[in-house]
Amino acid sequence: MKKIKTMVFGGGEIHDWKGIQPELVEALSAAEVVDTHIVQNDLSALEHLDGYDVLVFHYTVGTITDAQRDSLSKWLASGKGFVGIHSAADSFRDDPDYRNLVGGH
C-alpha cells in the first residue's frame, strides 16, 4: 500500500505549536498509511513541497514571501492537500493571497 507522504509543519508565535506537534504526529503515525516528515519554523520548506501529498499546517502569524506562497499555490493546484489547523488561518496576516488560499482569516 502506498503511504501518504505528509509534511507536518509547526511554528510561529502566540500558540503552543510545540505542545501540539508531537500529539499530532503521533496520531498521524498511528495510521499506518501516513508517512510523516516534521518541519518546525522553516518557511523555506514551502518552496520544497514536491514529493509530499499533504501539508498539515499549524503555524501562526509570521511573514510569507511571494516565492513561498506561489510555490504553495502551485503545489496545491497540482492536486495536493492542505490541512490547516490550530491558527493556520491566522498566519501571514498581511498577505491577502494566503488568506484567500485558506478561505479566510
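The values are calculated or read from the model by the stated rules, or taken from the named source; none is laboratory data. These numbers come from a predicted model, not from an experiment. Cβ: placed from backbone, ideal geometry, glycine included. Neighbour counts: every protein chain shown. Just so you know, the surface numbers come from the protein's heavy atoms only, side chains and all, with ligands and any DNA or RNA stripped out. Shrake-Rupley method; radii C 1.70, N 1.55, O 1.52, S 1.80 Å.
Computed values, structure above
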quantity	calculated
Which numbered condition VAL54 fails, given (1) under 13 Å from the mean Cα position of the chain (by Cα); (2) modelled with pLDDT under 95; (3) not hydroxyl-bearing (Ser, Thr, Tyr)	(2)
Considering residues of region 84-105 that are farther than 20 Å from TRP17 by Cα and acidic (Asp, Glu) only, the residue surrounded by the fewest Cβ atoms within 10 Å (Cβ to Cβ)	ASP94
Candidate set: region 63-83, residues that are within 26 Å of ASP16 (Cβ to Cβ) and either of a type in the set (D, E, K, R) or crowded, with 18+ Cβ neighbours inside 10 Å (or both); chosen: the one nearest to the chain's Cα centre (by Cα)	LEU72
Extreme residue, farthest from ASP97 (Cα to Cα), among residues of region 49-79 that are of a type outside the set (S, T, N, Q) and in contact with a Gly (Cβ under 6 Å, 6 or more places away or on another chain)	VAL54
Entirely in region 1-70, the strands (runs of 3 or more DSSP E) that have 2 or more residues that are farther than 16 Å from ALA89 by Cβ	4-12, 34-40
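For (1) open to solvent by less than 80 Å² (accessible area, probe 1.4 Å); (2) in contact with a Phe, Trp or Tyr (Cβ under 9 Å, 6 or more places away or on another chain), each residue gets a yes or a no:
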{"site": "MET1", "(1), (2)": "no, no"}
{"site": "THR6", "(1), (2)": "yes, yes"}
{"site": "GLY12", "(1), (2)": "yes, yes"}
{"site": "ASP16", "(1), (2)": "no, no"}
{"site": "GLU26", "(1), (2)": "no, no"}
{"site": "VAL33", "(1), (2)": "yes, no"}
{"site": "LEU55", "(1), (2)": "yes, yes"}
